[in-house]
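S.K.: Before we start, here is the structure in question, set down as structure tokens.
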Amino acid sequence: MKKYIFLFLTILLVFSGNVSAQPKSSTADLTEKDFMKAVLKSDEFKEFKSSILKDASTQPKALIDEKGKQYGWTVQYEIEYNEKNISLDEKALVNFSSLLSFSFESGKELKVRLVDYSRLIEDQAFYVRDLKSEEETKIDISKDSTFTDYLTEVELKKTQLIKEAAKINTVSSDKAKASGQLCYYCTKYEWRGGYPCSSANIESEALVSSQLEENGLNPDSVVIECYVPRHKVCVDGEWRTYCPIQ
């Protein structure tokens, strides 16, 4: 009897050892709390923390595959990146918000990407840069009606602001002649616009997603939704006799 009991315990011990030796799904064990803890401890989060827009909502999202199974987590922070000096003249610049994107996918380390929208007008494109490998991917938006229509609207509003500022803030001709140049100095800014492409144009979401996939990037982990960024607007200021260096 003792022999059979010993044999049973041996088999049970071997079986339990094999079970415990099986690799566990790191994603299944990684809770939202664990994921966010890893994000907040990362060097990249600490580096960009002061650039995060305070009024931007941040909500972690589970990554779900086609079979409805979770394989990771992702979260994006809206940030101000590559900020430019703004002066209201014919060459006035526009600042767009960018995204700091964190993701964890099954069997992989924490990915951190910068979705840089700062050159939307100049390049008709935005860039996705892997902050660990420094690899950068260009996403062309020149044929994307959601983006191009939005940029046209931004440029039009910028022109209107310049005209309004010129009317409200008049200066004497003597002061103008003495200074040689005048610049409008912004004293108060607001962030305006910004919305998911999908809610406005399904085609835009497909155009952006296809380019990301062609470059080996998972659209769901880079940008929670195809996103048209916000832009910074000058809402108050004054004319000064010197111009900031651009």
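S.K.: Considering each residue of the range 64-76, count those that are over 18 Å from SER42 (Cβ atoms) and either under 14 Å from the mean Cα position of the chain (by Cα) or crowded, with 19+ Cβ neighbours inside 10 Å (or both), and give that number. Write out each step before concluding.
M.R.: Of the range 64-76, the ones over 18 Å from SER42 (Cβ atoms) are 64-71.
Checking which are either under 14 Å from the mean Cα position of the chain (by Cα) or crowded, with 19+ Cβ neighbours inside 10 Å (or both) leaves us with 71.
Within the range 64-76, residues that are over 18 Å from SER42 (Cβ atoms) and either under 14 Å from the mean Cα position of the chain (by Cα) or crowded, with 19+ Cβ neighbours inside 10 Å (or both) number 1.
S.K.: Oh, and also: Within the bounds of the range 122-129, is there any residue that is modelled with pLDDT under 90 and either surrounded by 18 or more Cβ atoms within 10 Å (Cβ to Cβ) or under 12 Å from SER221 (Cα atoms) (or both)?
M.R.: There is no residue in the range 122-129 that is modelled with pLDDT under 90 and either surrounded by 18 or more Cβ atoms within 10 Å (Cβ to Cβ) or under 12 Å from SER221 (Cα atoms) (or both).
S.K.: Residue under question is THR152, and the condition is that it be closer than 16 Å to PRO229 by Cβ and open to solvent by 60 Å² or more (accessible area, probe 1.4 Å); does it hold?
M.R.: Values: closer than 16 Å to PRO229 by Cβ: yes; open to solvent by 60 Å² or more (accessible area, probe 1.4 Å): yes.
So THR152 fits the description; yes.
S.K.: Could you figure out which of (1) modelled with pLDDT of 85 or more; (2) open to solvent by less than 70 Å² (accessible area, probe 1.4 Å); (3) in a helix (DSSP H, G or I) isn't true of GLU213?
M.R.: (2)
The values are calculated or read from the model by the stated rules, or taken from the named source; none is laboratory data. Here the structure is a predicted model, which is why all the values come from computation and not from measurement. Cβ atoms come from the backbone with ideal geometry, glycine included; neighbour counts cover every protein chain shown. For accessibility, only protein heavy atoms count, side chains too; no ligands or nucleic acids. Shrake-Rupley method; radii C 1.70, N 1.55, O 1.52, S 1.80 Å.
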